Amino acid sequence: MLEEEYQPRRVLPPHLRKQPEPEAPFAYTIREATEADLPWVREIYNHYVANSTVTFDEKPWTLRALKTKFAKVRALGHPFLVAESPAGVILGFAYVYPWKEKAAYRFTVENSIYLGPASTGKGLGRALLGELLERSRAAGIKEVIAVIADRGAEASIALHEQFGFTKTGEMARVGFKFERWLGIVMLQKSLKKR
């Protein structure tokens, strides 16, 4: 062997090393969901069913049940939105659903927003909620209710408060998931005409 093979390799100083490619910016488009998006929506939601208390569902959504819910939201003219990456991946979704089935509640909805695990903390929830509220207003909705778990969803409560939702109540120990009791925080926002 040659003597230079035993010598430690020289390392270029940092300013001469090839720099890594910059990370692509977090980009997305918010649009109305289509039925083709529903498998993505189901995948995002079922992650929270299996791993979180932000939803009180304990059984994963089936595609059939989700299609039924989607059809009802569309038939009512309510928004059901998705955020899509430039590569066509659904990063999150948001929709409103009737608060109660009785006719007098027809102008009141409950909102839902869920983000894929890799899409949290990047402003996507804020963008989806803002667009959801605007489209809900345009659809003639007057009141939006948010029902949020009292543990593990502090960021969601703070986000809703930033959009002008006010706390209307709390209910303790109304849900039982992962061997523990959970409560809810209720918030409400009135949508005024522009």
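The values are calculated or read from the model by the stated rules, or taken from the named source; none is laboratory data. Computed from a predicted structure; not experimentally measured. Note: ideal-geometry Cβ built from the backbone for every residue, glycine included; neighbour counts use all protein chains shown. Surface accessibility is based on the protein's heavy atoms, side chains included, excluding ligands, DNA and RNA. Shrake-Rupley method; radii C 1.70, N 1.55, O 1.52, S 1.80 Å.
Per-residue extension of 0.36 nm, minus the Cα-Cα distance of Met186 and Lys100, leaves a gain of 29.5 nm for this segment.
Secondary-structure-derived ellipticity at 222 nm for the chain, considering helices only, amounts to -8500 deg cm²/dmol, per-run term -39500 (n - 2.57) for DSSP H runs with n ≥ 4. Note that the range 94-102 has calculated 3J(HN,Hα) couplings of 8, 7, 10, 9, x, 5, 9, 7, 5 Hz, one per residue in order, obtained from phi through the Karplus relation 6.51 cos²θ - 1.76 cosθ + 1.60 (θ = phi - 60°); glycine and proline are x.
If R0 is taken as 45 Å, the Cβ-Cβ distance between Glu21 and Thr53 corresponds to a FRET efficiency of 0.70. Placing a label point 7 Å from the Cα of Glu110 along the Cα-to-Cβ direction, the residues of the range 69-95 with a backbone N closer than 19 Å are 69-81, 93-95. Find the centroid of the Cα atoms in the range 126-164 and in the range 51-103, then give the distance between the two in whole Å. If you average the Cα positions of each part, the centres end up 14 Å apart. Can you say what percent of the DSSP beta bridges in the chain, counting only those with both residues inside, are antiparallel? Round to 5. Percent antiparallel among DSSP bridges in the chain is about 90. How much net charge surrounds Glu84 when only other residues with a Cβ under 12 Å from its Cβ are counted (Lys, Arg +1; Asp, Glu -1)? Taking every Cβ under 12 Å from that of Glu84, the sum is -1. Residue-wise HN-Hα couplings along the range 54-60, as the Karplus relation 6.51 cos²θ - 1.76 cosθ + 1.60 with θ = phi - 60° gives them from phi, are 6, 10, 8, 4, 10, 10, x Hz; Gly and Pro carry x. For the range 1-145, the number of Lys pairs separated by eight or more positions or lying on different chains, with C-alpha atoms closer than 18 Å, is 8. Taking the protein heavy atoms of the chain in the context of the full set of protein chains, the accessible area attributed to carbon and sulfur is 54 percent at 1.4 Å. For Lys67, put the label point 7 Å out on the Cα→Cβ axis and report which residues of the range 33-50 keep their amide N under 15 Å from it. Residues 34-42 qualify, since their backbone N sits under 15 Å from the label point. The label point for Ala118 and the one for Arg151, both projected 7 Å from the Cα toward the Cβ, are 3.1 nm apart. Dipole magnitude for the range 43-95: about 300 debye, using +1 per Lys or Arg Cβ and -1 per Asp or Glu Cβ, origin at the Cα centre.
With θ taken as phi - 60° and the Karplus curve 6.51 cos²θ - 1.76 cosθ + 1.60 applied, the whole-hertz 3J(HN,Hα) list for the range 150-164 is 7, 10, x, 10, 4, 5, 5, 4, 4, 4, 4, 5, 5, 8, x Hz, x standing for glycine and proline.
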